[in-house]
Amino acid sequence: MISMVMLRVTLVLMVILTELYAKETTQDFISKYNKYNTVCRGMGYKTKSCKGRDHGVIAFHARISTALQNLGSQAVVIFGRTTLNSGSAYNNDTGIFTAPTDGIYSFTWTILTISGSYFHTEIVINGNTVGYNHVDGKSGSFHYASSSVTAVIRMKKKDKVWIRTHAGEGKYACQDWSSFSGYQL
């Protein structure tokens, strides 16, 4: 005669095997997916779309369209040649990046000058300076001088960031390989 323990073990194994080999319907799969998705969202995970690899990515890279000279103090430096603008947050007509969502953003700008000139810039958020970039080609013996600076900035949706000239006098020149880029972390 079969013992009660053996009978229980056999029944449990039959249930497990039935679950493992039972064909799951589409509706069963969707139901399980929705339950898992609800749990994940409750834990703070965000839903990602499968459409396109850069869906939701905020990133841009732009260069100076033509060499700039003698801009006024605090003039917006417009990087008009956009090579990447995922999320369409950078406006190459105005030179202004507008945050589409709250978050932390990283910006880098590189300024290139010719020998005998300089170009001093600053990065601003909503008009407030948060970083500087000073390129001085006056004292060097090289044909070009360059400088790159990175600023990591916490932004709210619709905050604006741009590069502008910093006060100064003299031969103020920026070459067309200068660039401005940024992305959301």
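The values are calculated or read from the model by the stated rules, or taken from the named source; none is laboratory data. Here the structure is a predicted model, which means the values were calculated and not measured. Heads up: the accessible areas ignore ligands, DNA and RNA and are worked out on the full protein's heavy atoms, side chains in. Shrake-Rupley method; radii C 1.70, N 1.55, O 1.52, S 1.80 Å.
Global dimensions of segment 61-146 from alpha-carbon coordinates: Rg and Dmax equal 14.1, 45 Å. Keeping all protein chains in the complex and leaving out DNA, RNA and ligands, what accessible area do you get for LYS158 with a 1.4 Å probe, in Å² to the nearest 10? Around 140 Å² of this residue is reachable by solvent.
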